[in-house]
Structures are given as structure tokens and as C-alpha cells.
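In what follows, a structure is listed as C-alpha cells, so that the remarks can point back to it.
Coordinate-derived values only; no laboratory data. All figures in this text were calculated on a predicted structure; none of them were measured in a lab. Cβ placement follows ideal geometry from the backbone for every residue including glycine, while neighbour counts extend to all protein chains displayed.
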Amino acid sequence: MADSDPAPASVLSQSHRSRLPDDTVFYSIFPDSALSSASAAAAADGLQSLRLRILASISPFASSYLWQHQPFSLSLSSTSAAVLPLHLHGKLRYGDNLEDEWFAVFLLFHISREFPDLSVRVWDTDGEFLLIEAAFHLPRWLNPETSLNRVFIRRGDLHIVPRDKIASPSIVDSLKFLVGNGDESRAGEAVQSAVKARIAGYPEQARRNMHRVRVRVPVSVAQVLRHEPCLISLAVEGFYDRDIDSMKYAARMDRFLSKGKEEEFVLVALTLSRAMYAQLVQQTFQAPKCYPMPSRSDPRAYMEAELGMKIACGFEMMYQMRRREGLEGKGSTWEAYRESLERSGYFEGLLPGSKDYKRLMEKAEEYYKNSSLFSKASEMMSSPVKCIDEILALPHSADDFRNQEVPPSDDDSWLYTGEDELNSALLERQKEMELYDAMHGKKQKSKEPSDTGPSNHSNGDCDLSNIAKTMEAFVHKVSSYKGAEIPDQRDTVDLDVDRFFKDMESVLGRHEMEVSSPDGDAGEGSSSDMDFDESEDATDDEDKEDIFMDSYTDALNRELKSSTLTESFVRANEEPLKTNQGASSSTQDMDEDFTPVDVDVNLVKSLLDSFSSQDGLPGPASNLLGLMGFRLPQDGNKGKK
């Protein structure tokens, strides 16, 4: 399957990831022979043979698989040997079906096992996404900046070119190192297990990803799907990505409902991927007026007709939009295949029509004929209008479908019960994170001296009695009246203390004047305590501060007395506190005495309550405790329902 769109060197080097298309995976296959000096024709000839053998090896897995947008393909590189060695390459747009990407990864691992003398690279918009799967097991030096040209698949394993061997490797440097020192570049077992676990279910997983369903469609749609089932992906794409322009074509249905409401409909069974099925079912779409729909009295029949209507409209929109915009391929993948040979230097500058040129052309045609089974799907996907016109030109009628057995639809409960699978995946990730944190925390603890601050507390030996002491040390160590400072983030909250006290003075003063008695006599603890004559000695700062603090305390006490906040505190087991000489006059008139609050107990209780309310999610309590070096165990009773 030739790809007419070459992979530029900038894409292969990942130097411009921001330019890469979204939801697309790229791959390159470098044979060891490409590193040796050979003529362009001999190298291209060997690459042609390798391509055919690779396609034949993956045929049992990929021939019946329905790809979301485009099939797995391989073509010869068009870059010069000065930039990159001659190689095979391809790209695959997976869209909303992430299974396509991982199935392609499975095929690449399979290719690397079947052909041990080659190295494979695979990446997507995120970069080295295989490393993302093994993020908790990678060496500390490896990151997106240092991974360039280091990650390969070879002989069924993941290889990472070591930094201490090659500081800044090029593709050629890394390929030569893999050929001569493959054992040194093989990633550790933890990395291997993490990556291979992601593709462990294939190829069975690819078959489970298919969904068979009964639909009621026009005869024209049934005719197309009977001849080329893979075109269902283009119909779903046309329906799912519809816009105002394409909807105009669906309103008329000129191609697939040419007889209008007199069009014959048939019941057929078709296979599509789970992602395609979900895209059809979970979108509300009103049938065009020209499209006949059955009564809703039979829910199953109506559902089959509704699903078929969406597929028929998708075909119509895709067909008309591609025909209008000329989005057809180059007529034949052979033309694209021949052009890729010319770009790769296969014909060595020979004149067309010469004896040697004809010999190379015949050999290329033979290769193409042998791989026609694989190029057929690519040709149909690139030129669907031509393909559909040819199919519908063949004689067909509703009688061709009426006598065939239509099996029932597969159970689609998976569409509504994915929560358990998601939770299971999240749980696996959480276990990896906890294991990584435990190992990383242990290393950090062994490196830190015991007198540098509170050490990490594991889940098993968390002493709650230390929380209050640690909190006090934390507050005194990293905070002041200007605000709290996080050790790794030195942004502070600025506060003009003098201005704050003056503002509070003026507010409390006005408030006390408003609530004073009608006869003008201020009661005890009222604003009269603050009504001093500005003409008096203004140098008595200590008296002013005492007057303000008494009034401030009185205001707070009144607010607390009228609320239920005091009832939420845990109090110490002591006798009620008697008023002392330092108490303000309003405090002496309080109706009830206050039992002292146990500050430490309340602090710990509040932190635990806040931590528990997070239900295992990130939050202020866990973040604050983490800064102090504490890791509390999760509540084992939560989640048990």
C-alpha cells in the first residue's frame, strides 16, 4: 500500500512536533542493510522485497480489521540518503478510535520480531508515547528533551540508546549503535512490561473491538457495503463530521435515495468498530423529509431503521462532498507507488523507454501486483467516489438481499458499562503512582539529614500527635504576617499591617456608634472606648492599641456568641475559665463562661475531617500535610458500598 504523502525529515526527527497532525501516529522502518553503501536501485529493490514480506506477515491480523480513517500502509521514503537512510514509512490517522493506534503498535512489534534485522520508530503528536506508558519506570535522565532519536523497537523489544554512550545521537548514530550494541540499549524489564502490557491483548483485542449490527438501509447502500465493507468507515466519518454544507446533500439524498420514498429497503448485517457504532448511536439526528422511516410502534425495527438512516446519510454527505471538492486520490495507488519509486532514486536517472528502465519498471509492476491485495483498501479509501460509482453501475436489486439470513445484533451493553473498565484502568495507574512515590520518597528520605525538618511519614507509622507540633513548626518556619510561603513556590501575599489596623479601627468605631443606646450613653464595651479626642496627647500609642484590641475582641465575641461556631470546637477537660483583670468590660458581662478550646486537638480534627472529605482526591489538607512531610492512610471504609 503506497502512500503518496512522503514523510519529511523534519517529521522523522520530531523537531517540529507542533506541526504534526492531531490524532495521527507515524512510523518508520529502517533495515540494517540501508546503513551499508549500495546503489540506489539495489537498495530500493531490497526495500521493495522487504515491503512485500512485511505486508504478507501482517495480513492475517490486518486484512479483516476495520480502520477508523485509513488502513495501515507502508511506502518507500523519498528523503535523500544524506539526510536519512532509505527506509519504509507510513502514517495512520486514528481519530477517536485509540484502538487503531495501539493495534498499529502491535503490528510494528510483530514486524520487528519477524524481521530481526531492522529497527522501528513510532511516535505521534505527543512524541514518544511508548515512553509515556512506562513513565514511572524510566531512568531519571530520560525526558522529552533528551529522548530525541533514542527510542526504537527492535527484535520485539523496546530499545533506548543510553546517554552515556551517545550524547546527542542522530538517526544514523542510533541505528549503528543498535546494530552493534543491541544488548546495551535494551530497556529494563519494568519498561518492557509496561509497554507490552498495553498491547498484550492483541490481536484478539482487535477482533473484540468489532461490533456486528442489523440495519435497514436502501438497496444502494447495501450494494456498496456488500462489495466493499471497509467503506463503512468513510460513511461514519461523513456523518460524524457533518456540517451545514454537507447537510444540504443529506436533505436531498440524490445518490443513495434516487427513487425518493419509493426506494426499496433491505435488512442487512454489517460489521463496524465499537468507536464507529458509538459515533452513530450517541448522536441525535433527524431523518430528512425525503427519507421514509417506519413507525415507532416497534422499537427494535425503528432502531435498525434509524441506524441505517444515519449510515445512508453519511454515505451521501461523504460522496457529494468529495465529488464537489475533488478530494479523490490520484486515480490509482499504482501512480502514487510509481512516483514514490522515482523520488527514492529507484530508476537511477534512466531515460523512460530504455532497456534498463523497462526492466526496473517490470520488476516494480510485479511487486505491485503481488501487493495488490493490500493496496486495494488504500485505493478505495483514497478514491471512494470512483469506487462507489463502479459498484452501483453493476446490476443489483432488493431480491439480492431478501433471501439471506440476517443474524441478530451484538450486545451493546459495553456502551453503557464502561465505568468499571475506566475505574480499573485508573486503579492500575494509581498503584503505579503510589509505588513510584513510595520508592522516590524512600530515596529522598535516605538522602536528607534528620535535622533538616520533618521527614516523610509512611502510611503505616503516621503519628497524629506529631501533626500539631509539625504544623506549629511549619507556620513559624515558612510564614509570617505577610503570608505563607510554599518551599518550592516563593510567591507571598503582601499585607500593609498598619493600614489594616487603621481600617479596622475606623470600621469598628462607626459600627459601635450606630449600635449605641438612644440616650447617647455608651454602654460598657461600646465605641465610647474608642471615642478619644484627637486634641489629646497623640503620643500615647500603647493606650490606643489596648483600647483597639479590647474593642476588636468584644466584636469578635459578639459574633461568635450569635453563631453555632463555638459548639463545633473540642474543649479541654478543665473548669470554666474565670474572667481576669485583662478582660474587657463586655467580656465580663457575657452570660456564659468559655471553657478553653484545645487548639491542638481541634487542629488535628479539622485536618482529618478535611482530608477525609477529599475522598482520596487532591485537596488542601493533603497538600498541606504533604508539605509537612505527612502521608495519611486512606479511609478503608470509603468506597465499600
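Is region 214-296 rounded, prolate or oblate when judged by the Cα gyration tensor, a ≥ b ≥ c being the square roots of its eigenvalues, rounded requiring a/c under 1.5 and prolate requiring a/b larger than b/c? Rounded, because the longest to shortest axis ratio a/c is under 1.5.
The distance between label points at L617 and D399 comes to 6.4 nm (points 7 Å beyond Cα on the Cα→Cβ vector). For the pair D22 and L351 in one chain, pulling the backbone fully straight at 0.36 nm per residue adds 114.4 nm over the alpha carbon distance.
With the simple model of a label 7 Å out from the Cα in the direction of the Cβ, D600 to S64 spans 7.2 nm. A cut-off of 5 Å between modelled amide H atoms, ignoring neighbours fewer than 5 places along the same chain, links S119 with F30, D32. A cut-off of 5 Å between modelled amide H atoms, ignoring neighbours fewer than 5 places along the same chain, links N97 with no other residue.
Set the Förster radius R0 to 35 Å, insert the Cβ-Cβ distance between L427 and T271 as r into 1/(1 + (r/R0)^6), and round the FRET efficiency to 0.05. Approximately 0.65, to the nearest 0.05. Whole-Hz Karplus values for region 54-67 come out as 5, 4, 5, 6, 9, 4, x, 8, 9, 5, 9, 7, 9, 7 Hz, taken residue by residue from phi with 6.51 cos²θ - 1.76 cosθ + 1.60 and θ = phi - 60°; glycine and proline positions read x. Applying 1/(1 + (r/R0)^6) with r as the Cβ-Cβ distance of R53 and S297 and R0 = 60 angstrom yields a FRET efficiency of 0.55.
Computed 3J(HN,Hα) for region 180-187, one whole-Hz value per residue from the Karplus formula 6.51 cos²θ - 1.76 cosθ + 1.60 where θ = phi - 60°, is x, 9, x, 5, 6, 8, 4, 5, glycine and proline marked x. With the cut-off at 27 Å, tell me which of the pairs K196/K363; K196/K431; K561/K605; K176/K358; K502/K561 have Cα atoms farther apart than that. From K196/K363; K196/K431; K561/K605; K176/K358; K502/K561, over 27 Å: K196/K363; K176/K358. Extension gain for the segment C290 to I244, taken as residue separation times 0.36 nm less the Cα-Cα distance, is 14.8 nm to one decimal. Rounded to the nearest whole Hz, the Karplus-based 3J(HN,Hα) values (6.51 cos²θ - 1.76 cosθ + 1.60, θ = phi - 60°) of region 304-320 follow the sequence 5, 5, 5, 5, x, 4, 5, 5, 5, 5, x, 4, 4, 5, 5, 4, 5, with x at glycine and proline. For region 72-162, the equivalent ellipsoid built from the Cα gyration tensor has semi-axes of 21, 18, 14 Å, listed from largest to smallest. Each Lys and Arg contributes +1 and each Asp and Glu -1, all at the Cβ; summed about the Cα centre of region 221-281, the dipole is approximately 100 debye.
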